[in-house]
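One structure is given below, encoded as structure tokens.
The values are calculated or read from the model by the stated rules, or taken from the named source; none is laboratory data. For clarity, every value in this text was computed on a predicted model and none was experimentally measured. Because the Cβ atoms are built from the backbone with ideal geometry, glycine has one as well, and the counts that use them run over all protein chains shown. SASA here: full protein model, heavy atoms, side chains in, ligands and nucleic acids out. Shrake-Rupley method; radii C 1.70, N 1.55, O 1.52, S 1.80 Å.
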Amino acid sequence: MEKNFKLETDTIWNFEERGNWSTHRGDYPGNWSPYVPKNIILRYSKEGELVLDQFVGSGTTLIEACLLNRRIIGCDINDRALSICSDRIKNLSKMDNVFLKKRDARNLYNIKDGSIDLICTHPPYANIIKYSKNLKEDISLLDIEEFYVAMKDVAKECYRVLKKEKYCSILMGDTRKRGFIIPLAFNVLNIFMNSGFKLKEIIIKQQHNCKSTEYWRDISIKRNFYLIAHEYLFVFKK
Ligand SMILES: C[S@@+](CC[C@H](N)C(=O)[O-])C[C@H]1O[C@@H](n2cnc3c(N)ncnc32)[C@H](O)[C@@H]1O
């Protein structure tokens, strides 16, 4: 178990050490620190409740949900991600508490309306990190306008499967093109609000250990822009 864990109490989160307890590993592209789902799961769900991560990647949310005695549905379109996940949770939970499915987050068929207690997820951010070469369901391959269209369907599915009065938390970052910021996160925030969600929290999460940071540092000074060093964790209520 991690040492000296304290629940976050304000809206700026900073985890310099990613966290490597249990079967957590920081080896999947764009993985998030286990401290993020741990905080969200503890604050917004109870033991035995059903958590969904429909962009499950290497299973960071799955692992935390198992350790915290929640039931969990993890989905991804990537076979490699699903196989990493099943490896990392096989000894952590009774398998009848874990449902791992190959699904497109825009179409969560077989997940019933109003059946999920908490959504805790971390989608790709348009075409920044690519998760496959040519999977047609992979939204990390889309350009920015197509990405917004995809996120409308994601938000609609989130709203459909979540129980009333329950929470949906998603992590999003921005990007920069030709020197100017593209506010992906604020646009996705609006998409979720337009799907019916109420905005409970905006949390700023500082970013660490980004592989590209050192490459961009000198260029950012020469070309006069700041390196993006934060992401947004939005918490919505249905
Ligand atoms: C940012 S990663 C998630 C990382 C995860 N939080 C972790 O710690 O490992 C996003 C994931 O979304 C998946 N993905 C891309 N398009 C998808 C879609 N349409 N439906 C479900 N998953 C998708 C990718 O394969 C990738 O594993």
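Computed over protein heavy atoms with a 1.4 Å probe, the accessible surface of the stretch 1-80 works out to 46 Å² per residue. Going by alpha carbons, how many degrees (0 to 90, nearest 10) lie between the helix axis of 35-44 and the longest principal axis of the chain? With rounding to tens, the tilt is 50 degrees. Semi-axes of the equivalent ellipsoid for the stretch 1-136, computed as √(5λ) from the eigenvalues of its C-alpha gyration tensor and ordered from largest down, come to 22, 18, 15 Å. GNM remark for the chain: springs join alpha carbons under 10 Å apart, and the peak mean-square fluctuation among R217, R106, R70 falls on R217. Pairs of Cα atoms nearer than 8 Å and 6+ residues apart set the relative contact order; for the stretch 12-237 it is 18 percent. Answer with one residue from A150, N14, L67: the one whose Cα lies farthest towards the positive end of the charge dipole of the stretch 12-237, charges on Cβ with Lys, Arg +1 and Asp, Glu -1. Of the listed residues, the answer is A150. In the stretch 12-237, the DSSP beta bridges split such that about 50 percent are antiparallel, to the nearest 5. Taking S212, S115, S83 as the candidate residues, the one with maximal mean-square fluctuation in a Gaussian network model of the chain, Cα springs under 10 Å, is S212.
Solvent-accessible surface of the stretch 166-229, taken per residue with a 1.4 Å probe and all protein chains present: 66 Å². Taking each of K46/K136; K130/K152; K101/K152; K46/K133; K46/K156 in turn, the alpha-carbon distance tops 29 angstrom for K46/K136; K46/K133.
For the chain, the residue among P34, M193, P123 whose Cα projects farthest onto the positive side of the dipole built from Cβ charges is M193. For the chain, modelled as a GNM whose springs connect Cα atoms under 10 angstrom apart, the maximal fluctuation among D117, D143, D76 occurs at D143. Given a 1.4 angstrom probe, I'd like the percentage of the accessible area of the chain that is carbon and sulfur, rounded to a whole number. The value for the chain is 49 percent carbon and sulfur by accessible area. Toward the positive end of the charge dipole of the chain, with +1 on the Cβ of Lys and Arg and -1 on the Cβ of Asp and Glu, the farthest Cα among S220, Q54, A81 is that of Q54.
Output the 0 to 90 degree angle, nearest 10, between the alpha-carbon long axis of helix 184-194 and the longest principal axis computed from the alpha carbons of the chain. The two axes meet at around 50 degrees. Listed by chain and number, the aspartates and glutamates placed with their C-alpha closer than 18 angstrom to that of K6 are E16, E17, E64; residues fewer than eight positions away on the same chain are left out.
Here the translational diffusion coefficient of the stretch 12-237 follows from Stokes-Einstein with Rh set to the Kirkwood radius across Cα pairs; for 4 °C and 1.567 mPa s it amounts to 73 µm²/s.
Partners of K222 within straight-line reach, counting lysines whose Cα lies under 26 Å from its Cα and excluding those fewer than 8 residues away in the same chain: K177, K211. Each Lys and Arg adds +1 at its Cβ and each Asp and Glu adds -1 at its Cβ; summed about the Cα centre, the chain shows a dipole of about 220 debye.
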